[in-house]
Amino acid sequence: MVDHASNNTVLITGGAGFIGSNFIPYFLDKNPSINVVNLDLLTYAGDLKNLEEIEDHPNYTFVKGDICDYALIKQLFEEFKIGGVINFAAESHVDNSINSPAQFIKTNIEGTFNLLDTARNFWKGKYYRFHHISTDEVYGSLGEDGFFTEKSNYQPNSPYSASKASSDFLVRSYHHTYGMNVVTSNCSNNYGPKQHDEKLIPTIIRSAIKGLNIPIYGNGKNVRDWLFVKDHCIGINTIYNEGKAGETYLLGGNNEYDNLTIAQEICAILDLNFPKISGSYKNQIEFVKDRLGHDFRYAIDASKISNELGWKASENFDSGLEKTVNWYLKKYQFY
Ligand SMILES: NC(=O)c1ccc[n+]([C@@H]2O[C@H](COP(=O)([O-])OP(=O)(O)OC[C@H]3O[C@@H](n4cnc5c(N)ncnc54)[C@H](O)[C@@H]3O)[C@@H](O)[C@H]2O)c1
């Protein structure tokens with residue numbers, strides 16, 4: 001373990017959400033000398049069931065609370081002698097940010113500020129790590145070709161991505177102004193177990209098996225680069241432990257698919273493993289009114305993290321999608 005993690009209690013925020021709850025068990029396993037304090041407000045998006053496998057782990061503590069609560073954050077830093085932060089907590093659903101942006105501004109910007117500023121005050125003279133989890137959406141939208149790199153301009157288009165961009169800038173400024181040991185990782189769309197039902201892939205699976213229309217925005221041609229959540233967790237652990245202070249790392253799965261193709265692939269998996277009495281699940285696909293300001297395409301060039309830290313996504317998309325479908329079938333009790 002490198003110096004920056006020598007104080008061994010890490011505050012992980014938003015650990016009851018999709019990525020955080022995949023990450024914490026992996027992180028505890030890979031870093032046996034580290035204690036984790038998971039601070040999560042348990043909004044509609046957080047679920048402690050996602051963490052049942054580690055709830056009795058001796059190195060794990062859960063605290064219900066808000067990253068916007070400055071007094072609570074200060075108390076946690078003092079009580080647990082926090083020596084590292086990994087900040088997952090966020091309002092994360094683009095559609096919600098279009099309908100009601102205020103909470104995105106509060107949690108994503110003010111909450112990140114609270115964490116940074118408490119760390120700055122508490123860690124005086126210490127070089128502990130602050131790892132901020134962000135998104136490729138801060139870079140805006142691509143055309144038919146090209147890739148986002150760490151040098152791409154920030155051009156956020158939704159209130160969600162604008163709030164994440166703002167938090168990224170705050171993190172950056174705490175490195176440049178105060179010399180804090182920060183890293184930021186911006187990843188593409190994650191898929192895998194434990195994602196909230198509101199997101200695209202769970203919505204497709206749930207709608208399909210419940211016999212409902214499978215809603216696809218616009219013409220279904222919007223492209224995302226899909227990253228299996230386990231690969232993302234491996235990348236975060238690598239960056240937290242080995243990333244260079246002040247740097248940004250992009251993570252992508254090298255799996256570009258449009259939304260319609262994703263829906264068709266999921267239907268094909270269901271047709272094979274869970275066939276309907278007649279016809280294909282594909283017949284349930286329905287095009288619905290497009291999302292406002294819907295970005296056309298995101299794609300990541302992950303060569304920096306690959307060259308500098310040796311990380312590369314390894315999950316094959318077909319097998320990752322099959323694992324994901326099976327996990328949701330169990331969740332929805334179809335097996
Ligand atoms: N899911 C993706 O595809 C994706 C892609 C790129 C980046 N990200 C980023 O990764 C991080 C995690 O995303 P996710 O998909 O797991 O999100 P999620 O919505 O599943 O989980 C967010 C978690 O944060 C908690 N939370 C929300 N507000 C809080 C607050 N004020 N204080 C404490 N906890 C709070 C929620 O209860 C929930 O457990 C986010 O920062 C997101 O922007 C996600």
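Remarks
- Listed by first and then second residue, the pairs with beta-carbon distance under 6 Å, at least 6 apart or on different chains, first residue in region 116-133 and surrounded by fewer than 19 Cβ atoms within 10 Å (Cβ to Cβ), second not aromatic (Phe, Trp, Tyr), are TYR127/HIS4; TYR127/ASN181.
- Some residue of region 228-240 being in a loop (DSSP other than H, G, I, E, B) and in contact (Cβ under 8 Å) with a residue 60 or more places away in the chain: no
- Flag for ASP56 being acidic (Asp, Glu), touching a residue at least 40 places away in the same chain (Cβ under 8 Å), more than 17 Å from VAL183 (Cβ to Cβ) and not in a strand (DSSP E or B): no
- Considering (1) more than 9 Å from the ligand (Cβ to nearest atom); (2) part of a loop (DSSP other than H, G, I, E, B), the lone condition that HIS196 does not fulfil carries the number (1).
- Search result, residues across region 248-259 that are buried (at least 18 other Cβ atoms within 10 Å of the Cβ) and outside any strand (DSSP E or B): GLY252, GLY253, ASN255, ASN259
- Pair list, Cβ under 8 Å, 6 or more apart: region 92-112 residue in a helix (DSSP H, G or I), other residue of a type in the set (Val, Ile, Thr): THR107/ILE67; GLY111/THR13; GLY111/ILE67; THR112/ILE67; THR112/VAL171
- When restricted to residues that are closer than 20 Å to GLY220 by Cα and free of Cβ contacts under 8 Å to residues at least 40 places away in the same chain, region 291-317 contains 0.
- If you go through region 117-161 and pick out every residue that is in a helix (DSSP H, G or I), within 13 Å of the ligand (Cβ to nearest atom) and either within 16 Å of the chain's Cα centre (by Cα) or of a type in the set (Phe, Trp, Tyr) (or both), you end up with 6.
- Qualifying residues in region 10-47 (those that are closer than 18 Å to VAL229 by Cβ and of a type in the set (A, V, I, L, M)) - the one surrounded by the fewest Cβ atoms within 10 Å (Cβ to Cβ): LEU28
- Filtered residue count, region 216-242, keeping only those that are buried (at least 21 other Cβ atoms within 10 Å of the Cβ) and away from the ligand (no atom under 16 Å from the Cβ): 1
- Looking only at residues in region 176-193 that are in contact with a Lys or Arg (Cβ under 7 Å, 6 or more places away or on another chain) and not in a strand (DSSP E or B), the one that is surrounded by the most Cβ atoms within 10 Å (Cβ to Cβ) is SER188.
- Which listed residue is in contact (Cβ under 8 Å) with a residue 24 or more places away in the chain, of a type in the set (Asp, Glu) and more than 14 Å from PHE88 (Cα to Cα), from ASP29, ASP69: ASP69
- Residue check for ALA268: without any contact (Cβ under 8 Å) to a residue 24 or more places away in the chain, among the hydrophobic types (A, V, I, L, M, F, W, C) and either assigned to a loop (DSSP other than H, G, I, E, B) or surrounded by fewer than 17 Cβ atoms within 10 Å (Cβ to Cβ) (or both): yes
- Among (1) of a type in the set (Val, Ile, Thr); (2) in a helix (DSSP H, G or I); (3) within 14 Å of the ligand (Cβ to nearest atom) - the single one VAL63 does not satisfy: (2)
Coordinate-derived values only; no laboratory data. Keep in mind the model is a prediction, meaning the values are calculated, not measured. Every residue, glycine as well, gets a Cβ built from its backbone with ideal geometry; the counts of neighbours run over all protein chains shown.
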